[in-house]
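So the structure is just underneath, and the comments pick up after that.
The values are calculated or read from the model by the stated rules, or taken from the named source; none is laboratory data. Quantities reported herein were computed from a predicted structural model and do not represent experimental measurements. Here Cβ is always computed from backbone atoms with ideal geometry, including for glycine, and neighbour counts include all displayed protein chains.
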């Protein structure tokens, strides 16, 4: 009878862990039930740029798990054409952050004014044989704005780290690749969606051929996509024969593919690279699948490993600890700063579950790790107090509740101290 009960408890616990890891987004979705709209995305902010000689609007979306007052910082995503694409990035994050991508601060940069000026990488007066009169070719200036003004502004005002991702579509994709070629130190990840590599007779493509052979792109990653619009007037042009076409109608696609091939041929540069073709999407629809696939690809290293062993109560304590420490080191190598390998809630819950399963050594390990990774959390110390109380060690139970009270000052901990002293 006891064995059957333990088995049932074990299955319930495993399911709880799985649900917590993979369905955090549904918990995040619980918000103010009285809100007037189903979803609001991006808080408007702005800064004045001396470099651009104008005020620039930006939109900020903080992670769903953000708690004011907690000393917690997040990686940050900068999104060109932010008024259009920040909601899409946020939606992808709602589904995938936690298990597939880290929680991140999203910064949407407004480009609805002077977009061509800021995002194109060189000046032209004609395009495909036609006069082109719109102001263009000032991407270098816009890069300076991002480096010298926008990033410092964001880092001063919002809870972000220096681990950055840049996302751009079309001219924004051209700008994104230009940033990777010319200032790779600013961002760790680059997501270029259907980039306009045909701009100015493939000028950036030609420049990149020299740059990529000498540049070191270790710890940098690029995801790049191409839509199915290979030729506007000839359905016989496919991904298999487009590179044999020589007309202007395929220059956009051929430039994209040529850059992809060049990156693949220079794998020694150290750049982590994935290129993906979306045959059923057009230039206007490719952003959504590219953002979803791109973020998952760029953060593939972030995904949790050995979840089957973490979910099994048969996994030895030392093996569990090795898995956790491996993840800790892996995150540090990619972020280049220390980051807890698992959320505090997951470590805390695992501790209590192992207590229920009569595995006190594992329970203690999880509670110790929660304190190690979240040393300012009163709850982590209070959980350790629960562990010691269950073991009959009231001295240590009082010690840890006292520490929780020192960190938080809540009357709950004060009453617990009194109750433990009374036992």
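For the reader, a short list of remarks on this structure follows.
- Scanning segment 64-92 for residues that are assigned to a helix (DSSP H, G or I) and under 11 Å from the mean Cα position of the chain (by Cα) yields 89, 90, 92.
- When 230, 298, 251 are checked against the criterion of being modelled with pLDDT of 95 or more and either under 15 Å from residue 191 (Cα atoms) or not assigned by TED's automatic domain parsing to the domain that holds residue 182 (or both), 298 stands alone in meeting it.
- Of the residues making up segment 146-161, those that are touching a helix residue (DSSP H, G or I) at 6+ places or on another chain (Cβ under 7 Å) and in a loop (DSSP other than H, G, I, E, B) number 0.
- For the residues 116, 89, the requirement of being surrounded by fewer than 17 Cβ atoms within 10 Å (Cβ to Cβ) and in contact (Cβ under 8 Å) with a residue 12 or more places away in the chain singles out 116.
- Residue 305 being within 20 Å of the chain's Cα centre (by Cα) and surrounded by 16 or more Cβ atoms within 10 Å (Cβ to Cβ): no
- Criterion violated by residue 283 - all others in (1) at pLDDT below 95; (2) part of a loop (DSSP other than H, G, I, E, B) satisfied: (1)
- Subset tally (residues that are closer than 22 Å to residue 248 by Cβ and either over 22 Å from the mean Cα position of the chain (by Cα) or not assigned by TED's automatic domain parsing to the domain that holds residue 288 (or both)) for segment 181-202: 7
- Qualifying residues in segment 93-133 (those that are part of a helix (DSSP H, G or I) and touching a strand residue (DSSP E or B) at 6+ places or on another chain (Cβ under 8 Å)) - the one farthest from residue 144 (Cα to Cα): 93
- For segment 162-270, the helices (runs of 4 or more DSSP H) that sit wholly inside it and include 1 or more residues that are at positive phi and crowded, with 18+ Cβ neighbours inside 10 Å are 199-214.
- Checking segment 305-327 against the condition returns no match, with no residue being touching a strand residue (DSSP E or B) at 6+ places or on another chain (Cβ under 9 Å), assigned to a loop (DSSP other than H, G, I, E, B) and under 18 Å from residue 96 (Cβ atoms).
Matching residues to (1) touching a strand residue (DSSP E or B) at 6+ places or on another chain (Cβ under 9 Å); (2) assigned by TED's automatic domain parsing to the domain that holds residue 157; (3) farther than 18 Å from residue 295 by Cβ; (4) modelled with pLDDT of 90 or more:
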| residue | (1), (2), (3), (4) |
| --- | --- |
| 5 | no, no, yes, no |
| 12 | no, no, yes, no |
| 16 | no, no, yes, no |
| 22 | no, no, no, no |
| 70 | no, yes, yes, no |
| 74 | yes, yes, no, yes |
| 89 | yes, yes, no, yes |
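- Qualifying residue in segment 47-68 (condition: under 30 Å from residue 247 (Cα atoms) and loosely packed, with under 14 Cβ neighbours inside 10 Å): no
- The residues of segment 146-161 that are crowded, with 18+ Cβ neighbours inside 10 Å and either assigned by TED's automatic domain parsing to the domain that holds residue 339 or closer than 16 Å to residue 110 by Cα (or both), listed by number, are 146, 150, 151, 153, 154.
- Which listed residue, of 324, 257, 296, is in contact with a helix residue (DSSP H, G or I) (Cβ under 7 Å, 6 or more places away or on another chain) and within 26 Å of residue 209 (Cα to Cα): 257
- Given (1) closer than 28 Å to residue 126 by Cα; (2) at pLDDT below 95, number of the condition residue 219 does not satisfy: (1)
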